[in-house]
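The values are calculated or read from the model by the stated rules, or taken from the named source; none is laboratory data. As the structure is a prediction and not an experimental result, all values here were calculated from the model. We place every Cβ from the backbone using ideal geometry, glycine too, and count neighbours over all the protein chains shown. Note: accessible area is taken over every heavy atom of the protein model, side chains too, but ligands, DNA and RNA are not part of it. Shrake-Rupley method; radii C 1.70, N 1.55, O 1.52, S 1.80 Å.
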Amino acid sequence: MVMLQIVPVPAFSDNYLWLVHDQESGETAVVDPGDAQPVLEEAAKRGWTIGQVWNTHWHPDHTGGNLTIRKATGARISGPAAENIPGRDVALSEGDEVRLGSHVGRVVEVPGHTLGHIALIFDDERVAFVGDTLFAMGCGRLFEGTPEQMYRSLQLLTGLAEDTRLYCAHEYTLSNALFAAHELPGDAPIEHRLAEVKRLREEGKMTVPTTVAKERETNPFVRATNMDEFARLRKAKDSFRS
Ligand code: ZN
Ligand code: FE
């Protein structure tokens with residue numbers, strides 16, 4: 001199978017909007033377009049036409065470009081059934097699928113950051129779009145869900161094959177790494193990754209996508225062995241200033 005081409009489009013201060021292109025069919029989708037213009041420009045530059053919008057949750061930094069993109073391209077908009085998604089054509093629930101050419105992504109519900117948040121998992125490609133649920137060395141804030149929901153959602157995502165690449169929607173890794181090192185001082189994998197992340201950011205480079213293997217090893221929220229530990233960490237991170 002020809003692999004999917006996945007291209008980051010940076011937007012706002014720290015968002016990544018992901019363009020997904022299938023060479024075989026020539027089809028293109030965009031994940032979480034909070035803004036339309038940078039996405040339309042990047043697609044045009046590559047000669048791609050956006051046929052689908054896939055949203056992971058309703059927050060405006062993930063859906064703000066939906067209507068403009070549809071107006072410009074006629075793209076079909078798919079998003080979580082349980083949330084208010086601008087222009088949604090297709091409502092996605094657990095067990096549903098999205099398709100790009102012959103590539104199939106399954107929909108899983110990952111509540112916590114928002115209640116209807118979904119992730120899209122392309123098992124054969126070892127790719128998952130996780131929105132604001134899991135970040136490199138961190139996880140999303142609990143705006144709507146409970147710690148228990150988020151803990152389960154993270155376990156689900158890091159239960160995927162360990163070489164799965166996790167495409168999250170924000171560049172939060174340095175702040176997450178500093179928090180991880182603060183909580184687990186002297187932890188070798190965390191110290192090592194913190195140094196790597198510092199170097200990458202100083203060079204102006206991205207630190208995502210991450211992988212399931214890296215998160216199992218260095219994400220304190222994933223490593224939390226029970227729900228109480230997770231809840232304490234999440235609360236501490238809310239007020240942590242690096
Ligand atoms: Zn969000
Ligand atoms: Fe966001």
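Can you name every residue in segment 193-212 that is in contact (Cβ under 8 Å) with a residue 12 or more places away in the chain and open to solvent by 40 Å² or more (accessible area, probe 1.4 Å)? Selection gives Lys198, Arg201, Met206, Pro209. When Asn55, Asn84 are checked against the criterion of being among the polar types (S, T, N, Q), at pLDDT 95 or above and touching a Gly at 6+ places or on another chain (Cβ under 6 Å), Asn55 stands alone in meeting it. Going by the conditions given, is Gly159 assigned to a loop (DSSP other than H, G, I, E, B) and more than 16 Å from ligand 1 (Cβ to nearest atom)? Spelling it out, Gly159 is indeed assigned to a loop (DSSP other than H, G, I, E, B) and more than 16 Å from ligand 1 (Cβ to nearest atom).
For segment 30-83, filtered to residues that are of a type in the set (Asp, Glu) and within 16 Å of ligand 1 (Cβ to nearest atom), the residue that is most open to solvent (accessible area, probe 1.4 Å) is Asp35.
Within segment 31-52, the set of residues being under 17 Å from the mean Cα position of the chain (by Cα) and free of Cβ contacts under 8 Å to residues at least 40 places away in the same chain comprises Pro33, Gly34, Asp35, Val39.
Just one of the numbered conditions (1) outside any strand (DSSP E or B); (2) open to solvent by 50 Å² or more (accessible area, probe 1.4 Å); (3) under 28 Å from Tyr151 (Cβ atoms) is not true of Arg106: (1). Of Leu154, Leu178, Leu142, Leu184, which residue is under 14 Å from Leu233 (Cα atoms), within 15 Å of ligand 2 (Cβ to nearest atom) and open to solvent by less than 70 Å² (accessible area, probe 1.4 Å)? Sole residue among the options that is under 14 Å from Leu233 (Cα atoms), within 15 Å of ligand 2 (Cβ to nearest atom) and open to solvent by less than 70 Å² (accessible area, probe 1.4 Å): Leu142.
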